[in-house]
Amino acid sequence: MMMQLNKIAGAAFVAALVGLFASTADAQVRLDITRGRVEPMPIAITIFPGASPEVQQLGRDISQVITTDLERSGLFRPLDPKAFLQDLTSLDVQPRFADWRTLAAQALVQGAVEPLPGGQARVAFRLWDVFGGQQMEGQAYTTQPENWRRVAHLIADRIYTAITGETGYFDTRVVYIAESGPPLERVKRLAIMDQDGANSRYLTNGANLVLTPRFSPTAQEITYMSYFRNVPRVYLFNIDSGRQEVLGDFPGMTFAPRFMPDGNKVLLSMASNGNSEVYEMDLRTRKTARLTDHPAIDTSPSASPDGSKITFASDRGGSQQIYVMNADGSDPKRISFAKDKGRYATPVWSPRGDLIAFTRYANTDGNFYIGVMNPDGSGERLLAQGFLVESPTWAPNGRVLMYFAQARNGGRTRLYSIDLSGYNQREIITPQDASDPAWSPLIP
Amino acid sequence: MKLRTVTAVAAIALLAACSTKKTEVAATAPAAAPPPPPPAAKPSGPAPDSLEYFNTVVGNTVQFDFDRYDLDAEDQARLRAQAQWLNQYANRTLTVEGHCDERGTREYNLALGDRRANAVRQYLVSQGVNANRVKLISYGKERPLCVSSDEGCWARNRRGVSAAQ
């Protein structure tokens, strides 16, 4: 177990990133994903060739994961390799751009895999602007073959960035709660997986109820809530060592944890005598400070990326709404106002700082929504709707949200992602029911 | 008015529990001319100091309205009965569980469950129960009694449960 954990933590990724193809031409192929719905760009992704059957299989697998990543982003339309007119048998073969233009491919991904002494493999790719006939991007990676998925995600991120100008998010993970058992005897385990649902594995054994995991900014630690010994408290989990520790010595239930962007503090709520307040705990000094002071419920804190502000949910105005205060707790201001007396919950600040995602429950139609608004409360947009949708979490580039949806009558819980545009809703296939997703930052 | 009625009903229920027991003892008396038969030692209901008595006769659960934590007259009557029982059996302690229906987010429901459990404790304390004997735990929406997505089931799940030890 620990061995595997070490591996997924990335320590074993014998990464030698070689910028062999440094000359990057001015990109003419561009997708502007900042405005509304985007027509997916046709892209040809060749099956990366190799000399031996094993290496060929590796090449096929890598091409497939790149294809799936880019397709699922909703921004690309990978073309069927059966239609390709040219077989790019090695990286040195120059593409016949006229052939690729006839397929209407705007971008072309060429690659190759070759085995290296010592069991490693070298995976290289070039991204071409088909109409300009110019290389946009190119990289080579030396890796252990078992890390091929990560290499594929890294390449997909490179392609995404070259074409959209935005940071990618494919080489990321998701912590979530894996749910099993009948509805009245749910077993909940902490689980971690790649953002595409691959490599899912448990981090806890299901003996204790666990909820709401969140990554640290380095993606090396998780803060979550556990009912260990029937005492609900916030814990820290180190992914590398597997070490778990209770966070602080709070007299009451602690819950709703979330790291501050610098990773040195954790925000959380503590309930004491029926009153929940927002606290921060400094992980170095172990000192705690109360940030809110109100007899209402104050919970679900989330800091702005520069650490200067904190958004949280409170029912101090009579029903649960979203507030923003300074990081020291001063000057709390309500930012959510719904005409239909809807309730707002789980505010989460975008890693870009420009938006706050939330869960909204509208009394009028009984539905739950996932939406976003500006940090001053303006510009509210609802992106997803369901009988019960909850717990939005941001991709590290702030362009995609993940959340979970629960079906009626104790039915399945599943994870979905949706673009900020409100389009491109995708289910993330998990081995079991899943809830409380939290997206990692980019893996260092 | 309503409050009084409920109190009276609760009192009758308690009396009824007692009288049932008395009747039983009386009924066995005539037949007990020879040595008392073993069944006679067995009362018909749970012993008044038992957890079963607390859970079934006193009643261990109060209900809440949506997103509320106030106690209505019926709840208060039940909690007075709980307090009476706790005051009578001083070695007993309670963990009050606060529960919510599914119509709320997980974190808010944890806070709301705590608020409900605390409302129960406060009322018990107001009836003379030492606060040290009453612990709180919130389960939010994590421990439902039923999973139908309808008002009947949601109402059942919005509850405070006094788990006696």
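The values are calculated or read from the model by the stated rules, or taken from the named source; none is laboratory data. Computed from a predicted model, the values in this text were never measured in an experiment. Every residue, glycine as well, gets a Cβ built from its backbone with ideal geometry; the counts of neighbours run over all protein chains shown. Only protein heavy atoms, including side chains, enter the accessible area calculation; ligands, DNA and RNA are left aside. Shrake-Rupley method; radii C 1.70, N 1.55, O 1.52, S 1.80 Å.
Worth pointing out:
- A:Thr254 open to solvent by less than 10 Å² (accessible area, probe 1.4 Å) and at pLDDT 95 or above: yes
- Out of A:Pro351, A:Pro332, A:Pro301, sole residue that is surrounded by 17 or more Cβ atoms within 10 Å (Cβ to Cβ), closer than 28 Å to A:Thr167 by Cα and away from chain B (no Cβ under 14 Å): A:Pro351
- Residue count, the range A:357-369 (criterion: in a loop (DSSP other than H, G, I, E, B) and without any contact (Cβ under 8 Å) to a residue 24 or more places away in the chain): 4
- Elements of the type strands (runs of 3 or more DSSP E) sitting completely within the range A:218-321 and holding at least 3 residues that are in contact with a Lys or Arg (Cβ under 8 Å, 6 or more places away or on another chain) and charged (D, E, K, R): these cover A:275-282.
Conditions (1) more than 26 Å from B:Asp114 (Cα to Cα); (2) under 13 Å from the mean Cα position of the chain (by Cα); (3) at pLDDT 95 or above, marked per residue:
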site: A:Ile192; (1), (2), (3): yes, yes, yes
site: A:Gly197; (1), (2), (3): yes, yes, yes
site: A:Tyr202; (1), (2), (3): yes, no, yes
site: A:Ala207; (1), (2), (3): no, no, yes
site: A:Leu211; (1), (2), (3): no, no, yes
site: A:Ser216; (1), (2), (3): yes, yes, yes
site: A:Tyr224; (1), (2), (3): no, no, yes
site: A:Leu236; (1), (2), (3): no, no, yes
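- Lone qualifier among A:Thr167, A:Thr142 - being hydroxyl-bearing (Ser, Thr, Tyr) and part of a loop (DSSP other than H, G, I, E, B): A:Thr167
- Top-ranked residue of the range A:155-209 - restricted to ones that are of a type in the set (Asp, Glu) and open to solvent by less than 40 Å² (accessible area, probe 1.4 Å), ranked as nearest to A:Phe125 (Cα to Cα): A:Asp157
- Taking the criterion of being open to solvent by 60 Å² or more (accessible area, probe 1.4 Å), over 16 Å from B:Ala83 (Cβ atoms) and within 11 Å of chain A (Cβ to nearest Cβ), the residues of the range B:127-161 that qualify are B:Arg143, B:Leu145, B:Asp150, B:Glu151.
- The number of residues in the range A:50-107 that are part of a helix (DSSP H, G or I) and either open to solvent by less than 20 Å² (accessible area, probe 1.4 Å) or out of contact with any helix residue (DSSP H, G or I) (no Cβ under 9 Å at 6 or more places or on another chain) (or both) comes to 22.
- Residues that are more than 9 Å from chain A (Cβ to nearest Cβ) and either within 16 Å of the chain's Cα centre (by Cα) or free of Cβ contacts under 8 Å to residues at least 12 places away in the same chain (or both), drawn from the range B:106-125: B:Val120, B:Tyr123, B:Leu124, B:Val125
- Picking from residues in the range A:210-226 that are surrounded by 20 or more Cβ atoms within 10 Å (Cβ to Cβ) and of a type in the set (S, T, N, Q), the one that is farthest from the other protein chains (Cβ to nearest Cβ) is A:Ser216.
- Top-ranked residue of the range A:361-392 - restricted to ones that are acidic (Asp, Glu) and under 23 Å from A:Ile310 (Cβ atoms), ranked as surrounded by the fewest Cβ atoms within 10 Å (Cβ to Cβ): A:Asp376
- Residues in the range A:227-261 that are out of contact with any Pro (no Cβ under 8 Å at 6 or more places or on another chain) and within 14 Å of chain B (Cβ to nearest Cβ): A:Tyr227, A:Phe228, A:Arg229, A:Asn230, A:Val231, A:Pro232, A:Arg233, A:Phe250, A:Pro251, A:Gly252, A:Pro257.
- Selection over the range A:304-329 of residues that are at the interface with chain B (Cβ under 10 Å from one of its Cβ atoms) and in contact with a Gly (Cβ under 9 Å, 6 or more places away or on another chain) gives a count of 2.
- Selection status of A:Thr346, in a strand (DSSP E or B), surrounded by 21 or more Cβ atoms within 10 Å (Cβ to Cβ), among the β-branched types (Val, Ile, Thr) and within 11 Å of another protein chain (Cβ to nearest Cβ): yes
- Checked against the criterion of being buried (at least 19 other Cβ atoms within 10 Å of the Cβ), within 11 Å of chain A (Cβ to nearest Cβ) and small (Gly, Ala, Ser), the range B:72-81 contains not a single residue that satisfies it.
- The one condition in (1) more than 14 Å from every other protein chain (Cβ to nearest Cβ); (2) open to solvent by less than 20 Å² (accessible area, probe 1.4 Å) that A:Met270 fails to fulfil: (1)
- Filtering the range A:355-407 to residues that are of a type in the set (Asp, Glu) and more than 17 Å from the chain's Cα centre (by Cα) leaves A:Asp365, A:Asp376, A:Glu380.
- Test: residue in the range A:370-379 that is within 13 Å of chain B (Cβ to nearest Cβ), within 19 Å of A:Tyr416 (Cβ to Cβ), free of Cβ contacts under 8 Å to residues at least 60 places away in the same chain and not in a strand (DSSP E or B): no
- Matching residues in the range A:397-418 - criterion: being within 14 Å of another protein chain (Cβ to nearest Cβ), surrounded by fewer than 22 Cβ atoms within 10 Å (Cβ to Cβ) and either among the aromatic types (Phe, Trp, Tyr) or over 25 Å from A:Pro183 (Cβ atoms) (or both): none
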